[in-house]
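Quick notes on the structure that follows.
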Amino acid sequence: MKKTGLIFTILLVPIDFLMLVLAAVSAYYLRVGSLVAEIRPVIYTLKLSEYLSYAFLVAIIWLIIFALAGLYRIGRPKLNEEIAKIFLACSTGILTIIVAIFLQRELFSSRFIILAAWAFAVIYVTIGRIIIFEIQKSLLMKGVGAINIILIGNDKNTQIIAEEFKQNPKLGYNIIRIFPTFNEQIKREIINLKKTEEIDEIVQADPNLNRQITLDLITFTEENHIIFKFSADIYQTRTSRLAIDTMAGMPIFEIKKTKLEGWGWIYKRIFDIIGSIILIILTFPLMLLAAVAIKIDSKGPIFYKNKRVGQRGKEFELFKFRSMYYEMSTGVGSPEQQKKSLEYEQKLIEEKNTRPGAVYKIGEDPRVTRVGKFIRKYSIDELPQFFNVLIGQMSLVGPRPHQPREVAQYQKAQYHLLDIKPGVTGMAQISGRSDLQFDEEAKLDTYYIENWSIWLDLRIILRTPIVVLWPKRKAL
């Protein structure tokens with residue numbers, strides 16, 4: 001860990017403390033101020049000095065809760081992950097205060113202050129984190145605090161990693177050299193480099209290097225006190241999800257397809273129900289405006305239903321706002337109209353397809369209406385899918401659902417995408433959206449399936465609006 005990263009992690013503690021105290025003071029003055037006091041008079045007599053003494057004590061307790069929630073782990077956490085943790089940690093902290101007030105009845109009982117302090121704490125602590133993140137990011141852009149790495153590999157995977165680090169210095173990695181393999185000559189070159197350059201990590205970017213080469217590389221990094229990282233191949237990724245059981249007294253290994261089994265499925269379903277209801281309520285005004293605009297812009301129904309393939313190959317009707325001219329939309333109208341629409345679409349795929357592979361994408365699609373272009377640009381056409389989530393056909397987060405004819409062209413390994421419910425958003429959507437080739441999208445979705453967690457779902461959901469509003473910008 002670089003010293004700069006360690007310094008920023010340490011700085012978070014006093015900054016969080018100040019933000020928590022500021023939140024408590026803000027809640028106090030908001031309550032006793034004329035605006036709220038006129039509506040509901042103050043009935044308790046706790047002085048500010050006494051209130052501050054409680055605020056300092058509570059802030060210290062909350063810092064402990066923050067630490068237990070993982071908000072002070074040394075490393076480079078994602079901002080969206082931090083915001084989710086801040087929300088949950090502050091909620092846990094406020095529950096602690098409520099319990100304390102219940103047990104110690106002589107304390108003030110202003111529910112307004114308690115709720116206001118919680119809201120201010122979430123906002124202020126988040127602002128503090130954003131400031132620290134922005135400062136750290138600006139320093140990384142200048143190379144301050146960047147981790148110096150050497151890449152080992154000569155395949156496409158190595159090129160992708162190298163390009164990503166070069167184009168995004170805010171990730172905090174500075175590539176010193178790239179070697180195609182690892183042998184005695186390269187070992188000597190690295191040793192010579194180490195005399196003039198600080199080497200923090202060696203990353204084996206090519207997962208298909210010879211086993212002996214990898215073992216030699218691990219030994220070398222251990223001897224020279226350099227961190228070793230590697231990119232895992234499909235077999236290594238899958239065997240990291242082994243479950244052990246016994247049959248007839250013999251150990252039997254099972255490769256788990258996903259963590260979304262048992263309680264994981266229950267947690268995700270509860271998350272989907274609550275989340276979809278909240279999102280339907282929040283986006284209802286926007287959906288209403290979109291419906292009116294679609295009806296005015298072109299004839300035909302407001303909604304468009306399209307057959308998609310869901311979990312375990314089960315087909316369902318996907319809800320979307322209609323973004324195409326009705327007479328050109330596939331899957332609607334009379335059988336004759338459907339046949340003509342499908343033939344025209346196939347012609348467009350042959351002429352304008354910008355996405356090779358199982359899943360097509362038609363560039364500058366002439367079937368899209370004026371309103372359709374706008375709602376597609378900002379993914380407003382996808383909002384009705386929250387109803388698919390509510391009724392259990394989809395999840396808020398997961399692989400995108402594809403049409404039966406697209407699924408029929410999947411490679412064998414890509415059928416793994418059907419092991420869970422499809423999602424409104426997912427790893428692929430926040431990592432490049434429609435610019436990704438399907439093979440790359442499938443790899444990201446496979447990673448999600450095999451590494452699912454509630455934290456990962458929250459991170460993806462929080463990053464989605466950033467990618468939707470700024471499609472060309474990488475999410476933080």
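Take the residue pairs 340/361; 305/361; 305/377; 305/443; 314/412; 347/412 and return only those whose Cα atoms are more than 21 Å apart. It would help to have the intermediate numbers written out before the result.
Numbers: 340/361 19 Å; 305/361 18 Å; 305/377 19 Å; 305/443 28 Å; 314/412 17 Å; 347/412 27 Å.
Beyond 21 Å between Cα atoms: 305/443; 347/412.
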request  = Would you kindly calculate the mean projected area, averaged across all directions, of the convex hull enclosing the Cα atoms of the range 317-390, in square nanometres?
outcome  = 5.6 nm²
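Applying a 10 Å radius around every beta-carbon, put 301-309, 361-369 in order of their mean neighbour count, most first. Numbers along the way, then the final one.
Details: 301-309: 16.8, 361-369: 14.9.
Going by the mean number of other Cβ atoms within 10 Å, highest first, we get 301-309, 361-369.
When ranked by the protection proxy of mean other Cβ atoms within 10 Å per residue, highest first, what sequence do the peptides 122-128, 148-154, 279-285 form? List each step's numbers first, then the result.
On the way: 122-128: 19.4, 148-154: 22.1, 279-285: 12.9.
Ranked by mean Cβ neighbours within 10 Å, highest first: 148-154, 122-128, 279-285.
Could you give the C-alpha radius of gyration of the range 327-434 expressed as a fraction of 2.2 N^0.38 Å, taking N as the number of residues it contains? Walk me through the numbers before you get to the answer.
On the way: Rg = 15.0 Å, N = 108, 2.2 N^0.38 = 13.0 Å.
For the range 327-434, the normalised Cα radius of gyration comes out at 1.15.
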ask   = Does the range 263-469 come out rounded, prolate or oblate by the C-alpha gyration tensor, with a ≥ b ≥ c the root eigenvalues, rounded set by a/c under 1.5 and, if not, prolate when a/b is larger than b/c and oblate if not?
value = oblate
remark   = Cβ density ranking, 10 Å radius, fewest first, applied to 11, 348, 417 yields 11, 348, 417
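In µm²/s, what is D for the range 147-231 at 4 °C and 1.567 mPa s, where D = kT/(6 pi eta Rh) by Stokes-Einstein and Rh is the Kirkwood radius from Cα pairs?
Working: Rh = 12.9 Å.
Diffusion coefficient, whole number: 101 µm²/s.
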ask   = By a straight-distance test (C-alpha under 15 Å), which aspartates and glutamates pair with residue 320 as possible cross-link partners, with residues fewer than eight away in the same chain excluded?
value = 381, 382
remark   = Assertion target for 296, 226, 449, 98, ordered by fewest C-beta neighbours within 10 angstrom first, is 296, 98, 226, 449
inquiry  = Just want the ordering: 139, 68, from fewest to most Cβ atoms lying within 10 Å of their own Cβ.
reply    = 68, 139
Within straight-line cross-link reach of residue 170, lysines at Cα separation under 21 Å, skipping those fewer than 8 residues along the same chain = 2, 3, 78, 137, 142, 229, 472, 474
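FYI, it's all coordinate maths here, none of it is from the lab. All of these numbers come straight from a predicted model, not from anything done at the bench. Positions of Cβ are backbone-derived with ideal geometry, glycine not excepted, and every protein chain shown enters the neighbour counts.
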